[in-house]
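Accompanying notes for the structure given below.
Coordinate-derived values only; no laboratory data. What you see is a predicted model, and the numbers here were worked out from it, not measured in a lab. When we count neighbours, we look across all protein chains shown, and the Cβ atoms used for this are built from the backbone with ideal geometry, even at glycine.
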Amino acid sequence: MDPEDTTNLRCELESGYWLLNSRNDSLDEEREMKYQILKYRWSLATWFFVVGFLFLLPGPEIGWGNTALPKETVLSLELALKAANAALAKCEEGGYRVSVAVVDRGGNLKALLRGDGAGPHTQDSSARKAYTASSIRRSTQELAELMTKVPNLQALGDMNERILILGGGLPLVFGNEVVGGIGVGGAPGTQFDEACALAGVMSIGAKPSIQ
């Protein structure tokens, strides 16, 4: 074979070998790219799955340091108004001109009704009786009698300006949970105020004391 032909053949072989290697390298790069894309997609799918699963679990069980918030029964405006109206109706049956107040467990006023002819002062006294019964969790009549028997308890009346140790206030109890208080002021005797307050308590299915 002519030396020149041999040289040309060698060049062609080397060129073909280079092209083959280049094609193989391209295939390897393409495979590597596809592998990386699949790996990325798998990682992303796994991340979304884990995050979604964690959100389905209660906070305290997944170790985020959260603590469960306490649950409490809330006195609705509807119930507060129902209790106040029932108490006012009871007093009106007896011819008593009163005001009725209902507060929630925090002592916040939920309802205040002033009957026709009731004195302006009865609004304040009924609200304070309701606050006292809710805060101390006892009948204000019971507290008044207790303070008479135990003079050292007189300081209860000085805890703040909203406390009023005078019969006519009852706590609103559901189960064994105090959710608020109701107070009545203006009847000709604290026993009548308390009787009207009790009518309000019973009208919403509550109890006047913790048993």
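A few points about this structure:
- The range 163-211-the range 141-158 distance, computed between alpha-carbon centres (Å): 18 Å
- Spin-label model, GLN211 to SER76: label points 7 Å out along the Cα-to-beta-carbon direction sit 2.5 nm apart.
- Site pair ARG31 and GLU177 shows an inter-label distance of 6.6 nm when each label is modelled 7 Å from Cα along Cα→Cβ.
- Sorted ascending by nearby beta carbons within 10 Å, beginning with the fewest, ILE136, ILE37 become ILE37, ILE136.
- If a spin label sat at a point 7 angstrom from the Cα of VAL150 along the line to its beta carbon, no backbone N atom of the range 102-129 would be nearer than 19 Å.
- Annotation: amide H of LEU172 within the under-5 Å range of VAL179, GLY180, GLY181, ILE182, sequence separation 5 or more or interchain, hydrogens built in the peptide plane.
- For ASP158, ASP104, ASP193, order by how many other beta-carbon atoms lie within 10 Å, fewest first: ASP158, ASP104, ASP193
- Ranked LEU153, LEU69, criterion: other C-beta atoms within 10 Å, fewest first: LEU69, LEU153
- Here the label points at THR67 and ASP158, each 7 Å from Cα along the C-beta direction, are separated by 3.5 nm in the simple model.
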